[in-house]
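Below is one structure, written out as structure tokens; the observations come after it.
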Amino acid sequence: MRGLFVTGTDTGVGKTIVSAALLAAMTAEGEPVRAHKPAVTGLDEKLDDMEAGAWPADHELLAAVSGMAPADVAPLRYGPAVSPHLAAVLTGQRVDPAELLAAARAAGGKGTLVLEGVGGLLTPLAQDFTVCDLAAALDLPLLIAARPGLGTINHTLLTIRAARDAGLEVRSVVLTPWPEQPSALERSNRETIARTGDLDVEVLGRVHGPNPAELTQAGASLPWRSWLGGRSGA
């Protein structure tokens with residue numbers, strides 16, 4: 001399977017923007033792509049946000065840049081803004097890890113896969129089955145989206161450690177949104193994560209909206225070809 005698994009240090013750290021930018025840039029270069037997100041939650045709140053002109057739901061944005069139907073991007077979609085395993089309980093459903101894995105593998109068989117995780121690496125997708133478990137089963141190289149500001153060193157290094165303890169290869173950390181004029185703190189955070197984590201730390205500037213051209217330009221700034229083609233970091 002050819003692709004990248006995009007996780008994050010937490011929820012709301014830019015995983016979807018990184019994933020959408022990658023998909024847009026790959027598509028612009030003629031790369032056949034597929035987007036996948038095993039589960040989306042919080043759709044009840046997102047409906048209210050959309051009325052205020054906010055970004056679309058994650059699976060809708062990924063679908064738009066990859067030329068897919070939103071339902072094909074995310075097989076599980078829930079209204080409550082909670083972790084997937086709890087969302088399933090609240091809606092009277094059960095998440096089957098085998099079905100999650102099968103859906104991800106099926107998506108990866110039709111092009112270069114960009115798979116966006118849910119929450120952080122240890123977020124439970126089902127009872128006793130985490131995002132990390134899914135990533136390990138798929139054996140895709142990992143990208144970690146993280147905030148550039150205060151607190152990101154600890155969150156990011158813990159995520160790197162958890163990933164490596166699970167046998168995952170971390171290709172890079174992507175700090176986003178990276179300001180045009182980063183502060184001394186932000187520059188130091190990038191250098192410290194790179195040195196302590198022994199890996200490359202890339203940055204992605206702020207993307208102001210779900211505009212395909214802006215997403216393509218943002219994604220083109222990332223070394224996705226080398227991420228797909230070779231190993232990096234320890």
Cβ-Cβ below 7 Å, separation at least six or inter-chain, first residue in the range 95-113 and under 19 Å from Y78 (Cβ atoms) and of a type in the set (V, I, T), second at pLDDT below 95 and part of a helix (DSSP H, G or I): which pairs? V95/P84; V95/H85; V95/A88
By residue number, the members of the range 142-162 that are surrounded by fewer than 22 Cβ atoms within 10 Å (Cβ to Cβ) and either closer than 16 Å to V118 by Cβ or under 14 Å from the mean Cα position of the chain (by Cα) (or both) are R147, A162
Residue set G111, G120, G42; condition out of contact with any helix residue (DSSP H, G or I) (no Cβ under 8 Å at 6 or more places or on another chain), surrounded by 13 or more Cβ atoms within 10 Å (Cβ to Cβ) and either within 24 Å of L222 (Cα to Cα) or at pLDDT 95 or above (or both); output residue G111
Which number in (1) touching a Pro at 6+ places or on another chain (Cβ under 6 Å); (2) crowded, with 20+ Cβ neighbours inside 10 Å marks the one condition that A104 misses? (1)
Looking only at the range 173-201, count how many residues are under 25 Å from A57 (Cα atoms) and either among the hydroxyl-bearing types (S, T, Y) or surrounded by 14 or more Cβ atoms within 10 Å (Cβ to Cβ) (or both). 6
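Take the residues in the range 165-211 that are of a type in the set (S, T, N, Q) and outside any helix (DSSP H, G or I), then tell me which one is farthest from A64 (Cα to Cα). Step through it out loud before you land on a result.
Let us first name the residues in the range 165-211 that are of a type in the set (S, T, N, Q), namely 172, 176, 181, 183, 188-189, 192, 196, 211.
Now narrow it down to the ones that are outside any helix (DSSP H, G or I): 172, 176, 181, 183, 211.
Details: S172: 25, T176: 21, Q181: 31, S183: 34, N211: 10 Å.
The residue in question is S183.
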Which one of these does G12 not meet: (1) in a loop (DSSP other than H, G, I, E, B); (2) more than 30 Å from I153 (Cβ to Cβ)? (2)
Just to check your reading of the model, which residue among G205, G209 is small (G, A, S), touching a Phe, Trp or Tyr at 6+ places or on another chain (Cβ under 8 Å) and surrounded by 12 or more Cβ atoms within 10 Å (Cβ to Cβ)? G205
Given the conditions (1) part of a helix (DSSP H, G or I); (2) within 14 Å of G8 (Cβ to Cβ); (3) of a type in the set (S, T, N, Q), every one holds for T216 apart from (2)
Scan the range 150-160 and give yes if some residue there is closer than 29 Å to G109 by Cα and not in a loop (DSSP other than H, G, I, E, B), otherwise no. yes
Which one is modelled with the lowest pLDDT among residues in the range 219-234 that are part of a helix (DSSP H, G or I), out of contact with any helix residue (DSSP H, G or I) (no Cβ under 7 Å at 6 or more places or on another chain) and of a type outside the set (D, E, K, R)? G229
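Out of all the residues in the range 90-135, which are in a helix (DSSP H, G or I) and touching a Gly at 6+ places or on another chain (Cβ under 6 Å)? Give the derivation first.
Step one: of the range 90-135, the residues in a helix (DSSP H, G or I) are 90, 97-108, 131-135.
Within the range 90-135, G108, V131 meet the criteria.
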Pairs where the first residue, in the range 197-208, is β-branched (V, I, T) and the second is crowded, with 21+ Cβ neighbours inside 10 Å and part of a strand (DSSP E or B), C-beta under 8 Å, 6+ apart: V201/S172; V201/V173; V201/V174; V201/L175; V203/V174; V203/L175; V203/T176
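Kindly indicate whether L168 is surrounded by fewer than 23 Cβ atoms within 10 Å (Cβ to Cβ), closer than 24 Å to A25 by Cβ and either in contact with a Pro (Cβ under 9 Å, 6 or more places away or on another chain) or at pLDDT 95 or above (or both). Steps first, please.
Values: surrounded by fewer than 23 Cβ atoms within 10 Å (Cβ to Cβ): yes; closer than 24 Å to A25 by Cβ: yes; either in contact with a Pro (Cβ under 9 Å, 6 or more places away or on another chain) or at pLDDT 95 or above (or both): yes.
In short, yes.
Working only within the range 160-189, note down all residues that are more than 21 Å from S226 (Cβ to Cβ) and in contact with a Ser or Thr (Cβ under 8 Å, 6 or more places away or on another chain). Before the answer, list the steps.
As a first pass, look at the range 160-189 and keep what is more than 21 Å from S226 (Cβ to Cβ): 161-162, 165-167, 177, 179-189.
Passing the criteria: only N189.
The values are calculated or read from the model by the stated rules, or taken from the named source; none is laboratory data. Worth saying up front: this structure is predicted, and the values here are computed from it rather than measured. Neighbour counts run over all protein chains shown; Cβ positions are idealised from the backbone, glycine included.
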